[in-house]
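Read through the structure below, which is laid out as structure tokens, and then see the notes.
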Amino acid sequence: MKKLLSNTIKVFILISYFMLIPKAKADFPATDLDYLGLPTYCKEMHQKGNQGTARALQWEKRLAGNGGIHHYCAGLFTYNIAWKISNKDERIYKLKQAAGEMSYPLEHGIAPNFVLLPKMYYDIAKALEGAEDYKSAIELYKKSIEINPKIWLSYAALSDLQVKLNRPKEAIDTLQKGLEKKPDSKPLLKRLAKLKK
């Protein structure tokens with residue numbers, strides 16, 4: 001119970017941090033090309049002309065309790081744009097905007113059991129890792145794992161970051177925990193074998 005409360009407080013602090021990041025400059029997708037690098041539901045629910053269609057309504061039903069998923073989509077789009085920027089400071093600023101935009105649904109009524117929540121925490125962590133806010137990224141990868149411990153992606157990203165930060169023992173521990181939940185995960189097995197050489 002204490003650990004859960006501690007983790008909840010950490011996430012609340014992170015969300016408060018996101019509220020300080022300017023969201024007004026985040027980029028929203030508009031064209032077919034903009035939507036190419038985004039999940040299908042982004043286009044089908046939010047592209048102009050798609051609202052109210054049978055497909056959009058089907059996605060609304062599947063993603064019930066999303067609390068502003070279009071902001072998450074905009075954050076993903078902004079994340080993609082950030083990696084096209086060669087100036088490091090500008091890229092970091094854009095990645096922080098992406099993280100702030102992706103966090104909007106977390107601040108505005110997303111359901112606690114929302115199906116995409118683990119992926120959202122993972123994506124926000126990726127943006128923050130890119131912005132070199134490693135401490136926050138680690139916390140959010142862990143939050144993603146806590147919500148759904150059976151998704152290998154967050155274990156892989158967390159262990160990669162731990163290796164990058166020269167923490168191989170932590171990375172091995174992360175991979176072993178991931179393999180307890182997903183014993184046949186080839187990406188986790190490959191990472192572990194490489195670290196144990």
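General observations
- Note on LYS48: lysines with a C-alpha under 30 Å away, same-chain residues under 8 apart excluded, are LYS23, LYS25, LYS61, LYS84, LYS94, LYS96, LYS119, LYS126.
- Rough spin-label spacing in nm, given labels placed 7 Å along Cα→Cβ, for GLU60 and ASP32: 2.5
- Once the Cα gyration tensor of the range 98-197 is diagonalised, semi-axes √(5λ) in Å: 25, 16, 8
- Taking a straight line from the alpha carbon of LYS177, these aspartates and glutamates sit under 20 Å away, with near neighbours fewer than eight places off in the same chain left out: GLU139, GLU146, ASP160.
- Against the empirical 2.2 N^0.38 Å (N residues), the range 32-135 has a Cα radius of gyration ratio of 1.09.
- Extension gain, LYS88-LYS48: 0.36 nm per intervening residue step, less the Cα-Cα distance, totals 11.1 nm.
- Compared with the direct C-alpha span, the chain from ALA111 to LYS196 gains 26.6 nm at full extension, assuming 0.36 nm per residue.
- Each semi-axis of the equivalent ellipsoid for the chain is √(5λ) with λ an eigenvalue of the Cα gyration tensor; in descending order they amount to 29, 19, 17 Å.
- For the chain: relative contact order, % (alpha-carbon pairs under 8 angstrom, 6 or more apart): 16
Only the coordinates and a few stated rules stand behind these numbers; no lab work does. None of the values given here were measured: they were computed from a predicted structure. With ideal geometry, Cβ positions are generated from the backbone for all residues, glycine too; neighbour counts draw on all protein chains shown.
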